[in-house]
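J.: Below is a structure I'd like to ask you about.
The values are calculated or read from the model by the stated rules, or taken from the named source; none is laboratory data. Note that this is a predicted model, so its numbers are computed, not measured. Here the Cβ positions follow ideal geometry from the backbone for every residue, glycine too, while neighbour counts run over all protein chains shown.
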């Protein structure tokens, strides 16, 4: 996130306005999801996350697909 100058607002925006692009189910720790959505400035970003057993969402990593203009 820091390398791509992304903030919490960008992640929230991508989660609310994006879509699940891929379900990654071959991990012993549980299913991960790759969500693609827009950051606040319009750049496309990926959010890799999973749900814990207590239903909390864990953000694993976030990165931008396009350069900042």
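J.: For segment 40-56, name all the residues that are more than 15 Å from residue 22 (Cα to Cα) and in contact (Cβ under 8 Å) with a residue 24 or more places away in the chain.
T.: 40, 41, 43
J.: Okay, next question. Could you run through segment 41-55 and say how many residues are in contact with a helix residue (DSSP H, G or I) (Cβ under 9 Å, 6 or more places away or on another chain) and either in a loop (DSSP other than H, G, I, E, B) or exposed (fewer than 13 other Cβ atoms within 10 Å of the Cβ) (or both)?
T.: Step one: filter segment 41-55 for residues in contact with a helix residue (DSSP H, G or I) (Cβ under 9 Å, 6 or more places away or on another chain), giving 41, 43-47, 49.
Okay, now just the ones that are also either in a loop (DSSP other than H, G, I, E, B) or exposed (fewer than 13 other Cβ atoms within 10 Å of the Cβ) (or both), so 41, 43.
Final tally of qualifying residues: 2.
J.: Touching a helix residue (DSSP H, G or I) at 6+ places or on another chain (Cβ under 9 Å) and surrounded by 11 or more Cβ atoms within 10 Å (Cβ to Cβ) - does that describe any residue in segment 15-28?
T.: Checking segment 15-28: not a single residue is touching a helix residue (DSSP H, G or I) at 6+ places or on another chain (Cβ under 9 Å) and surrounded by 11 or more Cβ atoms within 10 Å (Cβ to Cβ).
J.: So, one more: Taking the condition of being outside any strand (DSSP E or B) and at pLDDT 95 or above, how many residues in segment 30-40 meet it?
T.: Start the filter on segment 30-40 by keeping residues that are outside any strand (DSSP E or B), which leaves 30-31, 39-40.
Now restrict to residues that are at pLDDT 95 or above: 39-40.
Going through segment 30-40 one residue at a time, the tally reaches 2.
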